[in-house]
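The values are calculated or read from the model by the stated rules, or taken from the named source; none is laboratory data. On a predicted model such as this, the values are computed, not experimentally measured, just so you know. Counting neighbours? That spans all protein chains shown, and the Cβs are built from the backbone with ideal geometry, glycine included.
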Amino acid sequence: MSKKIKRILLITVSVILLGGLTFGGVVVFGTYSYGTRVGKIVKFSKKGYVFKTYEGQLNVGGFAKDDDGDISPNVWSFSVYRGDEEIREAIDHAMDKDLTVKLHYDEKFRQFDWRGDSKYFIRDVEIVEE
């Protein structure tokens, strides 16, 4: 193989690897959207076999109809990062006092088992009414 072909091959492989790492980084760490949801926390737990994650559900009001035609409360599932002790305490407080909260969240591109069961991660808890 000539020197020119080796150089082109090395550059091509490097560009492909760099592109793959960039894409992977965006998918794992990037945020797709952000927003807020208001309601009452109806469930919050630490769960998982290997990766313990914090998962919760917010009753956003109203009812939803599933594929079978059954009607159930309209709940929204979310996750909390393991290191966010302040967020977990605020959620526990809101559940204990039955408070309406506004949850500020980031939606990730994908859900990964080691992060949580949901693509939605809470970044702030705001008490709407005491």
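Among 127, 87, 91, 41, which is surrounded by 12 or more Cβ atoms within 10 Å (Cβ to Cβ), out of contact with any Asp or Glu (no Cβ under 6 Å at 6 or more places or on another chain) and at pLDDT below 90? I'd like the intermediate steps shown before the answer.
Details: 87 fails: at pLDDT below 90; 91 fails: at pLDDT below 90; 41 fails: at pLDDT below 90.
Criteria check complete, one pass: 127.
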(request) Could you list, in sequence order, all residues of the stretch 5-38 that are under 22 Å from residue 80 (Cα atoms), at pLDDT below 85 and aliphatic (A, V, I, L, M)? (result) 26, 27, 28
(request) Please enumerate the residues belonging to the stretch 56-69 that are touching a residue at least 24 places away in the same chain (Cβ under 8 Å) and among the small types (Gly, Ala, Ser). (result) 56
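One line per residue, one yes/no per condition, for (1) part of a helix (DSSP H, G or I); (2) over 16 Å from the mean Cα position of the chain (by Cα); (3) free of Cβ contacts under 8 Å to residues at least 40 places away in the same chain:
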site: 44; (1), (2), (3): no, no, no
site: 54; (1), (2), (3): no, no, no
site: 75; (1), (2), (3): no, no, yes
site: 87; (1), (2), (3): yes, no, yes
